[in-house]
Amino acid sequence: MDWSSLFSMQKKLDSYIESNHQLENKDVFHDKYLALLVELGELANETRCFKFWSNKPRSSDSVVLEEYVDGIHFILSLGIEKGLYYHSIELENTSVSETEQFNSIFELCVKFNNNPVQENYDRLFYNYLLLGQILGFTEVDIQDAYFKKNEINYERQNQGY
C-alpha cells in the first residue's frame, strides 16, 4: 500500500491541531509517544487478548479497528515529527499471538523513542501493520478506517475537543 496519502493527511491534521492549540514551535514528540503507548494499551484492552482471567468477549471488529487506527495516527505523526516515512513492505505470515505482538510493539516503541531513526521507525511501523494483520485487518480496511477517523478528528477539533 502507498502510505504517502495518509502521511499527507496526517501532516495536515497535525498542522491544524498545532495551529488551533498554538503549538507551532513546541516539541510535542514525547507527548505523541505517550499518546501512542496509551492508544496501544486501549487497543489491547479492546481485544482482551491478555485477559486470561476473564470470559468476557473481545469488542466488535469495528471498535477494535477504530482503536487500531488511533495508533496509526500517532505512528504517522511521530514519523512526520522526525522527518521519517514508511514505504510499504509486504507483510509475512506469522504465528505470533496477539499478546506476543503487542509486547513486541511496546518494546519497539521504546526503542524508537530512545533512538528515533529510520530503521527503528520502519520496524515499529511494520510490526504495527503485522498486528493489524493478526487482528484480521487488511491494508484497505486500515486505510478506509483512517479516512473516517481523520474526518472525526477534524470535527472534534472544530468542536473544541
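Throughout, read-outs are computed from the coordinates displayed, never taken from laboratory work. Remember, it's a predicted structure, so these values are computed and weren't measured experimentally. Using ideal geometry, Cβ is built from the backbone for each residue, glycine included, and neighbour counts are taken over all protein chains shown.
As a check on your grasp of the helix formula, calculate [θ] at 222 nm for the chain: sum -39500 (n - 2.57) over DSSP H runs of n ≥ 4, divide by the residue count, round to the nearest 500.
-23500 deg cm²/dmol
Tabulate in residue order the Karplus-calculated ³J(HN,Hα) for the stretch 85-100, using 6.51 cos²θ - 1.76 cosθ + 1.60 with θ = phi - 60°, rounded to whole Hz; enter x for Gly and Pro.
10, 9, 10, 3, 10, 4, 6, 7, 6, 9, 10, 5, 6, 4, 4, 4
Between E92 and V63, what is the FRET efficiency for a Förster distance of 30 Å, r being their Cβ-Cβ separation, to the nearest 0.05? Mind dumping the intermediate values first?
Numbers: r = 27 Å, r/R0 = 0.90.
After rounding to 0.05, the efficiency reads 0.65.
Give the long-range amide H neighbours of S88: residues separated by 5 or more places, or on another chain, with amide H under 5 Å away, using H modelled in the peptide plane at 1.01 Å from N.
Residues meeting the amide H criterion: W3.
So for the stretch 15-161, if I pair up every lysine 8 or more residues apart or on another chain, how many of those pairs have alpha-carbons under 20 Å apart?
Values: K26/K82; K32/K82; K32/K111; K32/K149; K82/K111.
Here the count comes out as 5.
Which loop-located GluC sites (Glu not before Pro) does the stretch 65-130 contain, where loop means any DSSP state but H, G, I, E or B and the Cβ has at most 16 other Cβ atoms within 10 Å?
E90, E92
With a Cα-only, solvent-free Debye model of the chain, what are the log10 I(q)/I(0) values at q = 0.09, 0.13 Å⁻¹?
Values, matching the q order: -0.29, -0.61.
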